[in-house]
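First up is the structure itself, then whatever we jot down about it.
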Amino acid sequence: MKLRESLRLSWRSIRGHTLRSTLTTLGVVIGIAAVITFVTLGVSLEAGILGDVETGDTNRIYVWGSPPDQGGGPGEGAELVFTQRDVTELRDLEDVAAAYPWTPLPTESMAHGNDTVPIRQGVIATGPEYLDSEQIDDGRQFTEGEHEAVLNPAAAAQFEGNVSVGDRITVSVPGDSEVNVTVVGILDTSEGQGPFEGFGEDPRVYLPADPVYLDLAGEATDDPRYLSVIVEAESPRTVETTRDSARDYLTSNASDASDYLGDDLELTLQTGGELLDQIRDILDRVTAFVTGIAVISLVVGAIGIANIMLVSVTERTREIGIMKAVGAQNRDVLTLFLTEAAILGVIGAVGGTVLGAVAGWAATEYADLPLSYPFEWFAIAVGVGVLVGIVSGLYPAWRAARTDPIEALRYE
Amino acid sequence: MGDDPAVTLGDVRKTYRVGEPVHALDGVDLTLDRGSYTAVMGPSGSGKSTLMNLVGCLDTPTEGTVTVDGTDVTELSDRDRTSLRGDEIGFVFQTFNLMPKLTARENVALPLIFQGVPGSRRTERADEILERVGLGDRGDHRPNELSGGQRQRVAIARALVTDPTLVLADEPTGNLDTETGAIIMDLFDEVRAAGNTVLVVTHERHIAERADRIVHLLDGRVERVEPLRDAGAAG
């Protein structure tokens, strides 16, 4: 029997049991759709997060000191170990394009005129290079040595009537100290600007560490120190050399950091690329885990096909007998039932892929992520659908092929 | 083809072993000449069904030979026996045994699918045979849209579509009223008149009397052969 004939006959049989075939297919549709949706979501999430970070981040080295075996994310457990002298020395190293501190300023409130809002975290003392000037929507980058600040839209929106470029705000820190800064720029996004901050949208204020942080911290201590330092290489290619130079300096006796690190703290120098890999790794695991759960529903779908095919073989015993009586070979009967199972699998896979693509689109819209389709998975899904159909149809089809025509013709 | 008889059974024995061996057929010799019309009668348990399965190449004997169209069935593989069955035997059953989801035309054309006949040729041939059994206008109907007599006519058309050596009918009127049964039996007369070999298994005397001769089976043996008329003089 030709493949075309078995396709036609199988299709007739599927059409003959529309409701049953639909329900059977639905199992595969849901399974494939779940896989596609979660993979799409995972890929889109990865693209969304990494897309935010990736530009300009691969030549950065994030440096902090924390207790050994601290674990956790970048900067976790970091202590104040870097002095302004260390930052200056790092800047002078041959392979270093830029070096600047990154340290959160402990604050109590911000005031704009008579409008005072509490702010406990999110005020970050750093260098001007930390902010991408292309991300400044209005105004300019703050200047080192000046009492200036750049706000993100979420921070600007804290005040009634928004804060705009040129306004002055007062930042109060614990111990009744305060500092006045001029707002010189507003960012175009409230998302975090680096791995130390996380990627969520929170109100953030960026200030020059020198002089704002040094002034405020200097009131409390003789040797103000930073939580972390960011060192930039000339290019992503030289980032390893730059890291080695920075490590050599920071661990040498010449640095202040080596004193403060002592024996209890461990220095970590992580490149942006490594951090991206870590994030990617975590996201991949999450995606794999969720997809794994989705695959379970696909297995359930496969069992559904096998079950229905078995019922179908029993129910059509007499038809099998008729076909054999009029000259159908075992192979013909096997092909017919396998084709039927494969068709159910293919329909399920195609339907599931379409549904999954739509669901993936809806999910990324809802989560406000850039949609990124894993097209290779679409192909895999259809392949898996056929495979699911054939594998789950194998045993029922084999049973059908082995049916004794004499018994089958007598079957009521 | 040639001068061989359509079917020959030589000292055929069929033994089922279900605890005590049961001799369903116990040394049967039977020859069906080409173009002949034979009826087989016998009480239940006489071996009618076993004889039918053997002649229809659905089963093989424990001992003895079954020759269909000059080919010894006992020598064939399962595969070749299936091919021979598809080519040389046309079945007509008591319960019609049509494919419920296929139209009359598709049912008639079904055996040709397994012979690899192309689609257009199949349709052509099926329509031709349906016309012959008087159902030229029912090709698109499904079995559940046809009367019992019409269904049996579709089944006969299906049996004839491959132009088989032998048309094998098992109680063909068992599910039909007397009047419809008579019409069906008239159709068998026509089939025979067209040159086909016919074997009808029945327990009804008036059905069997349509044949040239009646073979009486009892306890797995041929009890007697009752000639009714000369071959070729169907009535």
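No value in this document is a laboratory result; all are computed from the given coordinates. All figures in this text were calculated on a predicted structure; none of them were measured in a lab. So basically every Cβ, Gly included, is an ideal-geometry build from the backbone, and we count neighbours across all protein chains shown.
Remarks
- The protein assembly as shown - share of DSSP beta bridges that are antiparallel (%, nearest 5): 70
- Shielding by partners for peptide B:103-111, expressed as the average number of C-beta atoms from other protein chains within 10 Å of each residue's C-beta, is 2.
- Proximity of backbone amide H atoms, modeled 1.01 Å from N, is registered between B:Gly90 and B:Leu166, B:Val167, B:Leu168 at under 5 Å, excluding neighbours fewer than 5 places apart on the same chain.
- Couplings for the stretch B:215-223, taken from phi via the Karplus curve 6.51 cos²θ - 1.76 cosθ + 1.60 with θ = phi - 60°, read 9, 8, 9, 8, 6, x, 10, 7, 6 Hz in order; Gly and Pro are left as x.
- All lysines inside 19 Å of A:Lys2 as judged from Cα atoms, apart from same-chain residues fewer than 8 positions distant: A:Lys324
- In order along the stretch B:22-31, the Karplus-derived 3J(HN,Hα) couplings, from 6.51 cos²θ - 1.76 cosθ + 1.60 at θ = phi - 60°, round to 10, 8, 5, 10, 10, x, 10, 10, 7, 10 Hz, and Gly and Pro are given as x.
- Scaled against the 2.2 N^0.38 Å expected of a compact globular protein of N residues, the Cα radius of gyration of chain A reads 1.49.
- 5 angstrom amide H check on A:Val123, placed H, neighbours 5+ away: A:Leu105, A:Val205
- For the stretch A:155-295, the Cα-based Rg and Dmax, in that order, read 20.0, 60 Å.
- Partners of B:Lys48 within straight-line reach, counting lysines whose Cα lies under 20 Å from its Cα and excluding those fewer than 8 residues away in the same chain: B:Lys14.
- Once C-alpha pairs closer than 8 Å and six or more residues apart are averaged by separation and normalised to the residue number of chain B, the relative contact order reads 28 percent.
- Remark on B:Arg34: its backbone amide H falls under 5 Å from those of B:Ala6, a criterion applied only to residues 5 or more positions apart or on other chains, H modelled at 1.01 Å from N.
- Percentage relative contact order, the stretch A:87-166, counting C-alpha pairs under 8 Å, at least six apart: 22
- Across all directions, the average flat footprint of the convex hull enclosing the Cα atoms of the stretch A:187-268 is 7.8 nm².
- Within chain B, the percentage of alpha carbon pairs spaced more than 31 angstrom apart rounds to 20%.
- The trypsin sites (Lys or Arg not before Pro) of the stretch A:36-141 meeting both criteria, a DSSP state outside H, G, I, E and B (loop) and at most 11 other C-beta atoms within 10 angstrom of the site's C-beta, are A:Arg120.
- With helices as the sole contributors, chain B gives -10000 deg cm²/dmol at 222 nm; each DSSP H run of n ≥ 4 counts as -39500 (n - 2.57), and the sum is divided by every residue.
- Cα centroid separation - the stretch A:107-164 against the stretch B:169-235, whole Å: 105
- Relative contact order for the stretch A:320-412, counting Cα pairs under 8 Å that sit 6 or more residues apart, in percent: 56
- Expected 222 nm ellipticity per residue - DSSP helices of 4 or more, -39500 (n - 2.57), all of chain A, to 500: -17500 deg cm²/dmol
- Pair A:Glu407, A:Glu266: separation of 7 Å Cα→Cβ label points (nm): 6.8
- Evaluating 6.51 cos²θ - 1.76 cosθ + 1.60 at θ = phi - 60° for every residue in the stretch B:127-133, the Karplus couplings come out as 4, 4, 6, 4, 4, 5, 8 Hz, glycine and proline recorded as x.
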